[in-house]
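One structure is given here, and the rest of the page talks about it.
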């Protein structure tokens, strides 16, 4: 035999009730427990309160609507041959309700028993409809579910009497039975209610006493998910869990299961199946869940909490007050999320959802009235509870939790581990709740992949190529590397778009034009900080000083930075050091590999050498793919001016080639390499030996072209001289014993730079360990390879766990 409980959202829907009929008919002699329709109990209570004021007019329409809803539902789901009986019984109950309302209006007073009796009609009306629909006998739960206590302190089930009466009530009944949840009788033959949501408790006691094979609770949703699916799109159904895990999740706000119902089920070891009537998804709660499950089973959260801290309490008074506080909260089913105690300071703290503040007011007033007691209130908080029975036997769970939060710049206001060792609760600022849930969920549940939330600034040659690569390689990276790339934002020089769920990279240019918001450094920061995404990566594919100036603020908000922009790493030395230190202290990344050699692993290699205790003795490098292309292209047929234009056509050179020809780009790269080698170097410290006269860089771009064309003949003469000597020109950056310089050098065939082709770069590194030089060679210019280097930096961030 099984006990099937159907909640208010199901019994109020004709569509769902038709499924209920099929579910019941598939079982042998089930016992069906029903709730009132959703919202009906609250409405009945409001009707009683308003009727007792003598104003019946204000409630007539709502009261009549309530009756109409039940009547129409009966007509839709009850078979034709049973409708007459169903409607007759409904009308009888309506008449009883009419009489009670008339009396309330006249006498303008009501007792707890009168209120409970009137509220009981919510379940009674539904039980008539369901009973006639499935052709089952309807039993009055007040005859066998017996409550003890009173309305002021709350009712609980009288176990001994209830057990005796359940056995008697069901002993001679054959076939399906329908009875009501929520309501009970008393030993004084009055009616009581067991608390909102307590229909689960009614079903559980019946299941325990009658030794049911299983109890089922049917809902129109998946009740137990790994986290709130409204906040975590990757949350999934929990298929198996223990009674204790279900209790912890329930009391902390997950689903609507009445947590007290788990006690009788656990005592009798009766499995509870939480079933979704829409899709059949099931969570089985039992004494023997899968022992190979993850350490954490689920995450509960409360979005808006208040925390009371009482201090200055006498040490002998403290334990009693803590105990009383717990009793008050538990008796009212208030999900208090932190209960921390400090005997030394005579203090304790309680954190509860704001909606339950009223339950705690009396206690807080009593405590704060003590002369020595001081009360502090903190608002705008949220709580997160991780739950898992395997936590008892696993080490490092708390550390993993704190690491996930700390890495995402989320401060913990308070924390506590449950005495059963199946839960850890943290309290944090409300604004961080979604970010925290995503970070924790990924850390504990999504070990098969890690998500990076990426914001790309710059849609030019490098940025555009990067976005194309991110789009085309997304599936491969997910399958191969276990990294989910979510490009949640894109910005160009004037507009930006932001979508937490991901920007459509097939039409980002169109979206920027039609939906883009004004893009400024301040607007970008504001949008990112408000979004507060976890594992966030800011990618700068611009050459804008204003964007580089954002890095420190971003890092201080635990947003990793990846940049092709050289300005920050080669600019003010103190700022460079501050950026690196901030990233290191916060456990995030500031990466700029492409600042020197596009996609070549130069900075990472030098970093590995330095971190392992080596020392850079000498470094020689051809660092400008653009200049190398120009010097490899110049010939008798191709003068300097034409070679420069060819570099622009090949997209190696900047739109204004003077940036490349001035050597500034190489100087910046050399400064970065020197700094990464451990030296305090600025651009002003670099000795320069340029090949273009200084006055060429003055005036307009047209002026430059006119001057450089006149310079072609002179430059060709110089080229012929070195060619006759069997040499070639290379623009070389040198770091030697702490001194830096850049300039044009003529190298012969014995030098490694001699055979550099096209836009290739070559870096020669001598270290204290590498007497024979280490060489790194490859393409050092071009949008695709630079974007690939940025892409590699982004992927490397996923290695932080």
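The values are calculated or read from the model by the stated rules, or taken from the named source; none is laboratory data. Keep in mind it's a predicted model, so treat the numbers as computed, not measured. In this analysis, Cβ positions are derived from the backbone assuming ideal geometry, glycine residues included, and neighbour counts consider all displayed protein chains.
Please count how many residues of the range 261-318 are in a helix (DSSP H, G or I) and outside the structural domain of residue 350 (by TED's automatic domain parsing).
Qualifying residue count for the region: 8.
Condition first: closer than 17 Å to residue 709 by Cβ and in contact with a helix residue (DSSP H, G or I) (Cβ under 7 Å, 6 or more places away or on another chain). Now tell me which residues in the range 638-657 satisfy that. Lay out the reasoning, then the answer.
First, the residues of the range 638-657 that are closer than 17 Å to residue 709 by Cβ: 638-649, 653, 656-657.
Of everything in the range 638-657, those that are closer than 17 Å to residue 709 by Cβ and in contact with a helix residue (DSSP H, G or I) (Cβ under 7 Å, 6 or more places away or on another chain) turn out to be 639, 640, 641, 643, 644, 646, 647, 653, 656, 657.
So how many residues does the range 105-120 have that are modelled with pLDDT under 85 and either in contact with a strand residue (DSSP E or B) (Cβ under 8 Å, 6 or more places away or on another chain) or part of a helix (DSSP H, G or I) (or both)?
3
Please go through the range 581-608 and pick out each residue that is part of a helix (DSSP H, G or I) and under 18 Å from residue 462 (Cβ atoms). Let's see the steps before the verdict.
Here is the first cut: in the range 581-608, the ones part of a helix (DSSP H, G or I) are 581-586, 594-597, 602-608.
If the condition is that a residue be part of a helix (DSSP H, G or I) and under 18 Å from residue 462 (Cβ atoms), then 594, 595, 596, 597, 602, 603 are the ones that fit.
Give just the number: which of (1) outside the structural domain of residue 107 (by TED's automatic domain parsing); (2) modelled with pLDDT of 95 or more; (3) surrounded by fewer than 16 Cβ atoms within 10 Å (Cβ to Cβ) does residue 6 not satisfy?
Residue 6 satisfies every listed condition except (3).
Give the residue, chosen from 712, 665, 695, 703, that is at pLDDT below 95, within 21 Å of residue 781 (Cβ to Cβ) and assigned by TED's automatic domain parsing to the domain that holds residue 608.
On the way: 712 fails: within 21 Å of residue 781 (Cβ to Cβ); 695 fails: within 21 Å of residue 781 (Cβ to Cβ); 703 fails: within 21 Å of residue 781 (Cβ to Cβ).
Exactly one of 712, 665, 695, 703 is at pLDDT below 95, within 21 Å of residue 781 (Cβ to Cβ) and assigned by TED's automatic domain parsing to the domain that holds residue 608, namely 665.
Got a sec? Which of 375, 391 is over 28 Å from residue 321 (Cβ atoms), modelled with pLDDT under 90 and in contact with a strand residue (DSSP E or B) (Cβ under 8 Å, 6 or more places away or on another chain)? It would help to see each step written out before you state the result.
Values: 375 fails: over 28 Å from residue 321 (Cβ atoms).
Of the residues listed, the single one that is over 28 Å from residue 321 (Cβ atoms), modelled with pLDDT under 90 and in contact with a strand residue (DSSP E or B) (Cβ under 8 Å, 6 or more places away or on another chain) is 391.
Quickly run through the range 160-173 and pick out the residues that are in contact (Cβ under 8 Å) with a residue 24 or more places away in the chain and surrounded by 13 or more Cβ atoms within 10 Å (Cβ to Cβ).
Selection gives 161, 162, 163, 166, 169, 170, 173.
Just one of 276, 290 is modelled with pLDDT under 95, out of contact with any helix residue (DSSP H, G or I) (no Cβ under 6 Å at 6 or more places or on another chain) and surrounded by fewer than 18 Cβ atoms within 10 Å (Cβ to Cβ); which is it?
Of 276, 290, the one residue that is modelled with pLDDT under 95, out of contact with any helix residue (DSSP H, G or I) (no Cβ under 6 Å at 6 or more places or on another chain) and surrounded by fewer than 18 Cβ atoms within 10 Å (Cβ to Cβ) is 290.
Yes/no matrix, rows are residues, columns are (1) under 30 Å from residue 536 (Cβ atoms); (2) free of Cβ contacts under 8 Å to residues at least 40 places away in the same chain:
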{"residue": "574", "(1), (2)": "yes, yes"}
{"residue": "584", "(1), (2)": "yes, yes"}
{"residue": "595", "(1), (2)": "yes, no"}
{"residue": "610", "(1), (2)": "yes, no"}
{"residue": "614", "(1), (2)": "no, no"}
{"residue": "631", "(1), (2)": "no, no"}
{"residue": "637", "(1), (2)": "no, yes"}
{"residue": "656", "(1), (2)": "no, no"}
{"residue": "659", "(1), (2)": "no, yes"}
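Would you mind stating whether residue 398 is closer than 27 Å to residue 285 by Cβ and surrounded by fewer than 22 Cβ atoms within 10 Å (Cβ to Cβ)?
Yes: the conditions hold for residue 398.
Can you name the condition, by its number, that residue 334 falls short on among (1) in contact with a strand residue (DSSP E or B) (Cβ under 7 Å, 6 or more places away or on another chain); (2) surrounded by fewer than 23 Cβ atoms within 10 Å (Cβ to Cβ); (3) part of a loop (DSSP other than H, G, I, E, B); (4) not assigned by TED's automatic domain parsing to the domain that holds residue 416?
Of the numbered conditions (1) in contact with a strand residue (DSSP E or B) (Cβ under 7 Å, 6 or more places away or on another chain); (2) surrounded by fewer than 23 Cβ atoms within 10 Å (Cβ to Cβ); (3) part of a loop (DSSP other than H, G, I, E, B); (4) not assigned by TED's automatic domain parsing to the domain that holds residue 416, the odd one out for residue 334 is (4).
For a quick check of your reading: which strands (runs of 3 or more DSSP E) sit entirely within the range 165-247 and have at least 2 residues that are more than 22 Å from residue 149 (Cα to Cα)?
Those strands (runs of 3 or more DSSP E) span 177-180, 214-219, 240-242.
Checking the condition surrounded by fewer than 20 Cβ atoms within 10 Å (Cβ to Cβ) and within 22 Å of residue 616 (Cβ to Cβ), which residue from 685, 656 passes?
Testing whether each residue is surrounded by fewer than 20 Cβ atoms within 10 Å (Cβ to Cβ) and within 22 Å of residue 616 (Cβ to Cβ) leaves just 685.
With the structure loaded, tell me whether residue 488 is in a helix (DSSP H, G or I) and in the same structural domain as residue 562 (by TED's automatic domain parsing) or whether it fails that test.
Judged against the criteria, residue 488 is not a match.
Mind listing whichever residues of the range 662-682 are out of contact with any helix residue (DSSP H, G or I) (no Cβ under 7 Å at 6 or more places or on another chain) and crowded, with 23+ Cβ neighbours inside 10 Å? Walk me through how you get there before you give the answer.
First, the residues of the range 662-682 that are out of contact with any helix residue (DSSP H, G or I) (no Cβ under 7 Å at 6 or more places or on another chain): 663-664, 666, 670, 674, 679.
If the condition is that a residue be out of contact with any helix residue (DSSP H, G or I) (no Cβ under 7 Å at 6 or more places or on another chain) and crowded, with 23+ Cβ neighbours inside 10 Å, then 663, 666, 670, 674 are the ones that fit.
Inspect all residues belonging to the range 223-243 and state whether any of them is in contact with a strand residue (DSSP E or B) (Cβ under 9 Å, 6 or more places away or on another chain), farther than 30 Å from residue 436 by Cβ and buried (at least 16 other Cβ atoms within 10 Å of the Cβ).
no
Take the residues of the range 442-469 that are within 22 Å of the chain's Cα centre (by Cα) and at pLDDT 90 or above: which is surrounded by the fewest Cβ atoms within 10 Å (Cβ to Cβ)?
As a first pass, look at the range 442-469 and keep what is within 22 Å of the chain's Cα centre (by Cα): 442-456.
Imposing the further condition that a residue be at pLDDT 90 or above reduces the set to 452-456.
Details: 452: 21, 453: 23, 454: 26, 455: 24, 456: 28.
The qualifying residue surrounded by the fewest Cβ atoms within 10 Å (Cβ to Cβ) is 452.
Is it the case, given these coordinates, that residue 497 is buried (at least 20 other Cβ atoms within 10 Å of the Cβ) and at pLDDT 95 or above?
In short, yes.
Among the residues of the range 609-620, is there at least one that is in a strand (DSSP E or B), crowded, with 17+ Cβ neighbours inside 10 Å and touching a helix residue (DSSP H, G or I) at 6+ places or on another chain (Cβ under 9 Å)?
For the range 609-620, residues in a strand (DSSP E or B), crowded, with 17+ Cβ neighbours inside 10 Å and touching a helix residue (DSSP H, G or I) at 6+ places or on another chain (Cβ under 9 Å): present.
Is the range 95-113 home to any residue that is surrounded by fewer than 15 Cβ atoms within 10 Å (Cβ to Cβ), in contact with a helix residue (DSSP H, G or I) (Cβ under 7 Å, 6 or more places away or on another chain) and closer than 26 Å to residue 135 by Cα?
Within the range 95-113 (the criterion being surrounded by fewer than 15 Cβ atoms within 10 Å (Cβ to Cβ), in contact with a helix residue (DSSP H, G or I) (Cβ under 7 Å, 6 or more places away or on another chain) and closer than 26 Å to residue 135 by Cα), the answer is no, since none of the residues qualifies.
Looking only at residues in the range 121-153 that are over 30 Å from residue 81 (Cβ atoms) and out of contact with any strand residue (DSSP E or B) (no Cβ under 8 Å at 6 or more places or on another chain), which one is surrounded by the most Cβ atoms within 10 Å (Cβ to Cβ)?
Here is the first cut: in the range 121-153, the ones over 30 Å from residue 81 (Cβ atoms) are 145-153.
After this cut, where a residue has to be out of contact with any strand residue (DSSP E or B) (no Cβ under 8 Å at 6 or more places or on another chain) as well, the list is 150, 152-153.
Details: 150: 11, 152: 6, 153: 8.
The qualifying residue surrounded by the most Cβ atoms within 10 Å (Cβ to Cβ) is 150.
On the basis of being under 15 Å from residue 619 (Cβ atoms), touching a residue at least 60 places away in the same chain (Cβ under 8 Å), in contact with a helix residue (DSSP H, G or I) (Cβ under 6 Å, 6 or more places away or on another chain) and surrounded by 14 or more Cβ atoms within 10 Å (Cβ to Cβ), does residue 734 make the cut? Outline the logic, then answer.
Working: under 15 Å from residue 619 (Cβ atoms): yes; touching a residue at least 60 places away in the same chain (Cβ under 8 Å): yes; in contact with a helix residue (DSSP H, G or I) (Cβ under 6 Å, 6 or more places away or on another chain): no; surrounded by 14 or more Cβ atoms within 10 Å (Cβ to Cβ): yes.
Criteria not met by residue 734.
Could you tell me whether residue 789 is buried (at least 22 other Cβ atoms within 10 Å of the Cβ) and in contact with a strand residue (DSSP E or B) (Cβ under 8 Å, 6 or more places away or on another chain)?
Criteria not met by residue 789.
Being surrounded by fewer than 20 Cβ atoms within 10 Å (Cβ to Cβ) and under 28 Å from the mean Cα position of the chain (by Cα), is that true of even one residue in the range 560-578? Steps first, answer last, please.
As a first pass, look at the range 560-578 and keep what is surrounded by fewer than 20 Cβ atoms within 10 Å (Cβ to Cβ): 571-575, 577-578.
Remaining after also requiring under 28 Å from the mean Cα position of the chain (by Cα): none.
Looking through the range 560-578, none of the residues is surrounded by fewer than 20 Cβ atoms within 10 Å (Cβ to Cβ) and under 28 Å from the mean Cα position of the chain (by Cα).
Residue check: is residue 212 touching a residue at least 12 places away in the same chain (Cβ under 8 Å), crowded, with 24+ Cβ neighbours inside 10 Å and farther than 30 Å from residue 444 by Cα? Break it down stepwise before answering.
Values: touching a residue at least 12 places away in the same chain (Cβ under 8 Å): yes; crowded, with 24+ Cβ neighbours inside 10 Å: no; farther than 30 Å from residue 444 by Cα: yes.
No.
Every residue, every condition in (1) outside any helix (DSSP H, G or I); (2) farther than 20 Å from residue 594 by Cα, yes or no:
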position	(1), (2)
469	no, no
473	no, no
476	no, yes
479	no, yes
505	yes, yes
509	no, yes
